[in-house]
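Chemist: One structure, pasted below without further comment.
The values are calculated or read from the model by the stated rules, or taken from the named source; none is laboratory data. Only a predicted model underlies this, so the values are computations on that prediction, with no experimental measurement involved. Here the Cβ positions follow ideal geometry from the backbone for every residue, glycine too, while neighbour counts run over all protein chains shown.
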């Protein structure tokens, strides 16, 4: 697994996320072996590796789904344990998984509300979904049923749900694996806009040409 990153240059700030010596073992498998990297504010940082290289395992530890056997995670310079995804979201970490977790018989709005810790008033949330999705070039109709949407539109739901919670770090796990070339370019435009606004992007891929 290889890590690469880009930002706007100049003096490197205190990392938003710093991973030091992180190791994860499963029975008979060493998934991550003393991994080190850091992600700065506004940086797009890529984790590159073949399928099965341990990329998804690593980011699941950052998101609190799994926990490291060794090593530390530091958030804005402070070493901490991320107990679960709720704790990760409270810090400002959002994650778009490779495999979507959507209910096809429900609307876009209902799916977004289900995935939020505090969705609030549904009418206000519907307006926010429209506003945020349009602002980032990912237009969504909150009232559409999910089963009527393309794969690319379904991914927008997952991304917008993260953006509504104002993430400081957005993790994208193999985000282009099911997208058309046009959808890939639209996604990259969105990620560039987020990085320009200071959001850190942790981008996981096995495709060297994307990095």
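Chemist: Considering (1) under 30 Å from residue 20 (Cβ atoms); (2) free of Cβ contacts under 8 Å to residues at least 40 places away in the same chain, say which one residue 124 fails and leave the rest.
Modeler: (1)
Chemist: Let me ask another. Could you give every pair whose Cβ atoms fall below 6 Å, whose first residue belongs to the range 75-104 and is touching a residue at least 24 places away in the same chain (Cβ under 8 Å), and whose second residue is assigned to a strand (DSSP E or B), counting only separations of at least 6 or pairs across chains?
Modeler: 91/75; 93/169; 94/170; 95/171; 96/172; 97/173; 98/173
Chemist: Let me ask another. Restricting to the range 157-204, what's the tally of residues that are in a helix (DSSP H, G or I), touching a strand residue (DSSP E or B) at 6+ places or on another chain (Cβ under 6 Å) and either under 21 Å from residue 111 (Cα atoms) or without any contact (Cβ under 8 Å) to a residue 12 or more places away in the chain (or both)?
Modeler: Residues that pass the stated criteria total 3.
Chemist: I'd like to check something: does the range 120-138 contain any residue that is exposed (fewer than 14 other Cβ atoms within 10 Å of the Cβ), modelled with pLDDT under 95 and in contact with a helix residue (DSSP H, G or I) (Cβ under 6 Å, 6 or more places away or on another chain)?
Modeler: Checking the range 120-138: at least one residue is exposed (fewer than 14 other Cβ atoms within 10 Å of the Cβ), modelled with pLDDT under 95 and in contact with a helix residue (DSSP H, G or I) (Cβ under 6 Å, 6 or more places away or on another chain).
Chemist: Another question about this same structure. Taking only pairs six or more apart or across chains, which ones have beta-carbon atoms under 8 Å, a first residue in the range 145-156 that is exposed (fewer than 12 other Cβ atoms within 10 Å of the Cβ), and a second residue that is in a strand (DSSP E or B)?
Modeler: none
Chemist: Take the residues in the range 66-84 that are assigned to a loop (DSSP other than H, G, I, E, B), out of contact with any helix residue (DSSP H, G or I) (no Cβ under 6 Å at 6 or more places or on another chain) and at pLDDT 95 or above; name whichever of them is nearest to residue 205 (Cα to Cα).
Modeler: 67
Chemist: Now for a separate question. From the list 87, 46, pick out the single residue that is modelled with pLDDT of 95 or more and either surrounded by 14 or more Cβ atoms within 10 Å (Cβ to Cβ) or under 26 Å from residue 159 (Cβ atoms) (or both). Reasoning before the result, please.
Modeler: Working: 46 fails: modelled with pLDDT of 95 or more.
Within the list 87, 46, the selection yields 87.
Chemist: Now, a different point. Would you confirm, using the coordinates I've provided, whether residue 207 is at pLDDT 95 or above, surrounded by fewer than 18 Cβ atoms within 10 Å (Cβ to Cβ) and in contact with a strand residue (DSSP E or B) (Cβ under 9 Å, 6 or more places away or on another chain)?
Modeler: No: the conditions fail for residue 207.
Chemist: Give the residues of the range 40-75 that are more than 13 Å from the chain's Cα centre (by Cα) and under 11 Å from residue 24 (Cβ atoms), sorted by residue number.
Modeler: Correct list: 54, 57, 66, 67, 68, 69, 70, 71.
Chemist: Looking only at the range 175-203, count how many residues are more than 10 Å from the chain's Cα centre (by Cα) and closer than 20 Å to residue 61 by Cα.
Modeler: Here is the first cut: in the range 175-203, the residues more than 10 Å from the chain's Cα centre (by Cα) are 176-199.
Okay, now just the ones that are also closer than 20 Å to residue 61 by Cα, so 199.
Counting residues in the range 175-203 that are more than 10 Å from the chain's Cα centre (by Cα) and closer than 20 Å to residue 61 by Cα gives 1.
Chemist: Whether any residue in the range 146-156 is in contact with a helix residue (DSSP H, G or I) (Cβ under 6 Å, 6 or more places away or on another chain), in a helix (DSSP H, G or I) and under 27 Å from residue 43 (Cβ atoms) is what I want to check.
Modeler: There is at least one residue in the range 146-156 that is in contact with a helix residue (DSSP H, G or I) (Cβ under 6 Å, 6 or more places away or on another chain), in a helix (DSSP H, G or I) and under 27 Å from residue 43 (Cβ atoms).
Chemist: If you don't mind, there's one more thing I want to ask. Since residue 96 meets every condition but one in (1) in contact with a helix residue (DSSP H, G or I) (Cβ under 6 Å, 6 or more places away or on another chain); (2) closer than 21 Å to residue 42 by Cα; (3) modelled with pLDDT of 95 or more, which condition does it not meet?
Modeler: All conditions pass for residue 96, except number (3).
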